[in-house]
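*Asks:* The following block contains the structure, expressed as structure tokens.
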Amino acid sequence: MAPGVYFLPQDQPHWLGAIYAMQKQTLLPVHPGGLTALSLQGMSHYIRLGQENFYVFATAKTKLPKWFIDYDWQQTLKSYATSFLPNDLSLIEYKSQNLVVNISSPERAILECVYLTPNRIDLIECYNLMEGLVNLRPHVIQELLESCKSIKVKRLFLYMAEKAGHSWLKYLDQSKMELGFGDRLVVKNGVYIKRYGITVPKELNNL
């Protein structure tokens with residue numbers, strides 16, 4: 001275990017303590033995001049935080065310490081180095097015991113989930129998460145979508161938000177978002193959504 005890693009009760013090292021150490025001591029641009037950030041904020045009813053995976057995002061070319069990657073956290077680490085969003089945009093403070101770490105806001109977290117679809121997160125699961133996010137802040141989403149570098153993520157996010165019928169969607173100004181040209185193949189042999197120029201699974205389109 002690396003020096004300076006903080007512990008949660010019962011003196012068991014926890015990955016949140018490791019994230020705290022990396023953020024505060026080594027200043028690495030790393031944060032819990034996606035499914036994990038939503039779970040930490042109570043926005044997922046069926047993701048079990050105490051088991052399976054935890055998702056960590058860092059900027060492109062960031063190398064996580066070997067001690068963090070190799071340690072047995074009792075959960076599977078899923079780490080992604082990407083700059084599809086600015087690293088410091090729409091992070092919030094999360095408090096656990098005596099630790100305060102930066103994690104993705106709900107708005108950023110769902111975009112990170114969309115980013116990982118369809119190969120790393122199931123699209124249907126991602127849409128089910130989207131359906132529950134009825135209180136997202138339009139001005140935060142607007143800033144994120146204007147800053148997002150992934151055309152696929154933006155189009156798929158807007159498609160799912162429209163399909164879910166979220167009221168906050170009408171407050172977004174899509175004219176300020178770079179949505180690109182041409183079609184984007186999200187999955188093969190799917191249904192083509194002309195409005196957004198994407199191909200999605202038949203199962204998702206039929207929900």
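*Asks:* Need one number for the chain: average projected area of the convex hull over its C-alpha atoms, nm².
*Replies:* 11.9
*Asks:* Next question. Give or take rounding to whole Å, what are the principal axis extents of the alpha carbon atoms in region 27-129, in descending order?
*Replies:* 34, 29, 25
*Asks:* Most mobile of N135, N53, N87 per a Gaussian network model of the chain (Cα springs, under 10 Å)?
*Replies:* Among N135, N53, N87, the largest GNM mean-square fluctuation belongs to N135.
*Asks:* Based on the Cβ-Cβ distance of N98 and K61, what FRET efficiency does E = 1/(1 + (r/R0)^6) give at R0 = 35 Å, to the nearest 0.05?
*Replies:* For R0 = 35 Å, the calculated efficiency reads 0.65.
*Asks:* Under a straight-distance cross-link criterion of Cα-Cα below 19 Å, which lysines are reachable from K163, leaving out those fewer than 8 residues away in the same chain?
*Replies:* K152, K154, K194, K202
*Asks:* I've got another one for you. What is the order of W15, W67, fewest Cβ neighbours within 10 Å to most?
*Replies:* In increasing order of surrounding Cβ atoms, one gets W67, W15.
*Asks:* For the chain, what is the mean residue ellipticity at 222 nm derived from helices alone (per DSSP H run of n ≥ 4: -39500 (n - 2.57); sum divided by total residues; nearest 500 deg cm²/dmol)?
*Replies:* For the chain, the value works out to -9500 deg cm²/dmol.
*Asks:* Taking the Cβ-Cβ separation of I69 and V140 as r and a Förster radius of 22 Å, what is the calculated FRET efficiency to the nearest 0.05?
*Replies:* It comes to 0.10.
*Asks:* Using a 10 angstrom cutoff on alpha carbons, build the Gaussian network for the chain and name the most mobile of E143, E112, E52.
*Replies:* Largest GNM mean-square fluctuation: E52.
*Asks:* Across the Cα atoms of region 112-186, what radius of gyration and what greatest pairwise Cα-Cα distance (Dmax) are found, in Å?
*Replies:* 11.8, 32
*Asks:* Which residue, G180, G33, G17, has the most motion in a Gaussian network model of the chain that connects Cα atoms within less than 10 Å?
*Replies:* G180
*Asks:* Taking 30 Å as R0, compute the FRET efficiency from the Cβ-Cβ separation of S79 and E203 and round it to 0.05.
*Replies:* Efficiency for this residue pair is about 0.55.
*Asks:* Around M22, with a cut-off of 14 angstrom between Cβ atoms, what is the net charge of the other residues, counting Lys and Arg +1 and Asp and Glu -1?
*Replies:* With Lys, Arg at +1 and Asp, Glu at -1, the neighbours total +3.
Each value in this text was obtained by applying a stated rule to the coordinates, not by laboratory testing. Only a predicted model underlies this, so the values are computations on that prediction, with no experimental measurement involved. Note that we place each Cβ from the backbone using ideal geometry, even for glycine, and neighbour counts take in every protein chain shown.
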